[in-house]
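The values are calculated or read from the model by the stated rules, or taken from the named source; none is laboratory data. Remember, it's a predicted structure, so these values are computed and weren't measured experimentally. Glycine gets a Cβ as well: all are built from the backbone with ideal geometry, and neighbour counts include every protein chain shown.
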Amino acid sequence: MSEQVLDDQNILTQRDPDGALSLAAHDYEQIAFQPEIKNGEHDGRELQQVVITGMGGSALAALLAHAWLKSELHLPLDVVRSYSLPAYIGPNTLVIASSYSGNTEETLSAYAQAKEKGAQLAVIAAGGKLIEEAIADGVTYGEIPSGMQPRMALIYNLQVLLAILEHFGVVSERVAHLQNLAPWLEEQTKNWLPDVPTEKNEAKQVALTAVGKTAVFYGGELTAPIAYKWKISWNETGKNLAFWNEYSEFNHNEFMGWTSHPVEKPFVIFDLISHLEHPQILKRFEISDRLLSGKRPKANIIELKGDTIIEQLLYGVVMADFASIYLAILNNVNPVPVVLIEKLKKEL
């Protein structure tokens with residue numbers, strides 16, 4: 001019956017009134033976006049570290065960039081997801097404040113602290129107070145197209161972030177590299193479209209496997225941000241509880257947490273596998289699943305396709321969008337709104 005739901009175009013349309021599936025089908029077009037850097041003049045000070053501050057999907061773009069670029073970064077890059085910045089922030093720190101709405105209070109707090117400390121500042125937002133302050137302060141900024149849920153503008157956010165890192169000389173030619181991947185990602189996207197039947201559609205299959213359960217997503221050293229992305233999409237889009245962790249940290253604590261209860265747990269396990277991971281990480285996935293046999297549900301493998309890490313990250317991002325939308329449809333909830341989050345913001 002659930003499979004019939006996902007292959008019934010009328011039901012898909014009824015349960016996706018805001019067109020989330022259409023948005024996901026055009027994720028690849030975000031790669032073609034050409035960011036414009038405004039208030040771009042800076043004093044050329046020597047940078048010693050980069051800090052990106054943001055929450056949720058805004059922080060996720062930074063984590064994806066770090067996973068892709070860490071082998072070539074010549075500066076430390078930290079991601080801060082809180083109200084407060086670390087004490088080491090100073091004039092030689094580039095602080096990039098990222099908030100899709102521009103009104104995220106944690107990010108506004110961090111921006112104010114960075115300004116007090118005399119840091120080199122930059123802003124990423126679609127509008128709101130953060131853009132207003134950047135203009136008033138003469139701070140470098142890049143705008144993301146507005147009118148979307150933040151988690152659905154992830155690739156826009158990544159593009160602007162890369163443009164700012166290029167602008168300050170932290171990396172080079174990454175925006176153009178990303179843009180060149182649009183045709184490849186478009187081809188991958190075709191595998192998950194609504195008119196592709198479940199028997200040939202891995203995104204639908206994942207949703208069917210997970211419906212009615214709590215999902216746990218595991219990534220490795222390279223793919224941990226994608227595990228986090230799947231968790232975010234499951235929570236916000238699918239309105240479904242989910243957790244994530246990464247190898248090999250998993251083996252030093254959580255590994256034991258599965259051992260004391262019977263296998264009949266209301267969980268579903270997904271291992272996000274990249275052939276580019278360290279060989280020992282790949283062995284840990286395999287051995288851990290074998291040693292936990294009879295203690296937890298067997299892991300479902302999601303192989304991230306692509307020849308490079310950035311291709312695999314993009315593949316994981318778009319597939320997560322589709323799978324979580326199909327999950328929302330199975331849960332009979334609207335994939336787009338996040339009403340409780342908006343209510344929390346008003347209460348705060």
PHE270 vs. criteria in contact (Cβ under 8 Å) with a residue 60 or more places away in the chain and not polar (S, T, N, Q)
yes
Inspect all residues belonging to the range 300-322 and state whether any of them is at pLDDT 95 or above, surrounded by fewer than 19 Cβ atoms within 10 Å (Cβ to Cβ), touching a strand residue (DSSP E or B) at 6+ places or on another chain (Cβ under 6 Å) and among the hydrophobic types (A, V, I, L, M, F, W, C).
yes
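If the requirement is being part of a helix (DSSP H, G or I), in the same structural domain as THR223 (by TED's automatic domain parsing) and touching a Phe, Trp or Tyr at 6+ places or on another chain (Cβ under 7 Å), which of these qualifies: ILE302, ILE287, ILE310, ILE325? Spell out how you get there, then give the answer.
Numbers: ILE302 fails: part of a helix (DSSP H, G or I); ILE287 fails: touching a Phe, Trp or Tyr at 6+ places or on another chain (Cβ under 7 Å); ILE325 fails: touching a Phe, Trp or Tyr at 6+ places or on another chain (Cβ under 7 Å).
None of the others qualify; the one that does is ILE310.
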Would you say ILE281 is closer than 30 Å to ALA182 by Cα, in a strand (DSSP E or B) and aliphatic (A, V, I, L, M)?
no
Within the range 117-144, track down each residue that is out of contact with any Gly (no Cβ under 7 Å at 6 or more places or on another chain) and farther than 15 Å from ASN157 by Cα.
GLN120, LEU121, GLU132, GLU133, ALA134, ILE135, ALA136, ASP137, GLY138, VAL139
Within the range 251-287, restricting attention to residues that are surrounded by fewer than 18 Cβ atoms within 10 Å (Cβ to Cβ) and small (Gly, Ala, Ser), which residue is nearest to LEU304 (Cα to Cα)?
GLY257
Scan the range 101-112 and report the pairs whose first residue is within 13 Å of GLU132 (Cα to Cα) and touching a residue at least 12 places away in the same chain (Cβ under 8 Å) and whose second residue is in a helix (DSSP H, G or I) and among the aliphatic types (A, V, I, L, M), with Cβ atoms within less than 6 Å and a gap of 6+ or a chain change.
GLY102/LEU130; GLY102/ILE131
Check on GLU72, farther than 21 Å from ASN157 by Cβ, part of a loop (DSSP other than H, G, I, E, B) and of a type in the set (Asp, Glu)
no
Some residue of the range 251-262 being touching a residue at least 40 places away in the same chain (Cβ under 8 Å) and in a loop (DSSP other than H, G, I, E, B)
no
Give GLY44, GLY40 a once-over and let me know the one that is of a type outside the set (Val, Ile, Thr), assigned to a loop (DSSP other than H, G, I, E, B) and without any contact (Cβ under 8 Å) to a residue 24 or more places away in the chain.
GLY44
Name the one entry in GLU246, GLU236 that is closer than 23 Å to SER71 by Cβ, among the acidic types (Asp, Glu), in the same structural domain as ASN201 (by TED's automatic domain parsing) and buried (at least 18 other Cβ atoms within 10 Å of the Cβ).
GLU246
Please enumerate the residues belonging to the range 290-299 that are crowded, with 17+ Cβ neighbours inside 10 Å and in a strand (DSSP E or B).
ARG296
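Please indicate, with yes or no, whether at least one residue in the range 224-244 is part of a loop (DSSP other than H, G, I, E, B) and farther than 30 Å from GLN159 by Cβ. I'd like the intermediate steps shown before the answer.
Just the residues of the range 224-244 that are part of a loop (DSSP other than H, G, I, E, B), to begin with: 237-241.
Checking which are farther than 30 Å from GLN159 by Cβ leaves us with 241.
Checked against the condition, which is being part of a loop (DSSP other than H, G, I, E, B) and farther than 30 Å from GLN159 by Cβ, the range 224-244 yields at least one hit.
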On the basis of being among the hydroxyl-bearing types (Ser, Thr, Tyr) and over 19 Å from the mean Cα position of the chain (by Cα), does THR93 make the cut?
yes
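Among helices (runs of 4 or more DSSP H) lying entirely in the range 95-190, which contain 2 or more residues that are of a type in the set (D, E, K, R)? Quick ask: steps written out before the conclusion?
On the way: elements: 105-116, 128-137, 154-167, 174-179, 182-189.
It comes to 105-116, 128-137, 182-189.
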Mind listing whichever residues of the range 263-274 are assigned to a loop (DSSP other than H, G, I, E, B), within 14 Å of GLY294 (Cα to Cα) and either at pLDDT 95 or above or charged (D, E, K, R) (or both)?
GLU264, LYS265
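Yes or no, residue by residue, for (1) in the same structural domain as GLU303 (by TED's automatic domain parsing); (2) of a type in the set (Phe, Trp, Tyr); (3) farther than 23 Å from TYR156 by Cα:
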site	(1), (2), (3)
ARG174	no, no, no
GLU186	yes, no, no
ASN191	yes, no, no
PRO194	yes, no, yes
THR198	yes, no, yes
ASN201	yes, no, yes
GLN205	yes, no, yes
ALA210	yes, no, yes
THR214	yes, no, yes
Which ones in the range 1-35 are in a loop (DSSP other than H, G, I, E, B), more than 22 Å from the chain's Cα centre (by Cα) and in contact (Cβ under 8 Å) with a residue 12 or more places away in the chain?
ASP7, PRO17
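Taking into account only those residues within the range 108-145 that are polar (S, T, N, Q) and more than 23 Å from GLU166 (Cβ to Cβ), which is surrounded by the fewest Cβ atoms within 10 Å (Cβ to Cβ)? Spell out the reasoning first.
So the first thing to find is which residues in the range 108-145 are polar (S, T, N, Q), and the list is 109, 113, 120, 140.
When the remaining residues are screened for being more than 23 Å from GLU166 (Cβ to Cβ), the result is 109, 113.
Details: SER109: 16, GLN113: 18.
Among those residues, the one meeting the criterion is SER109.
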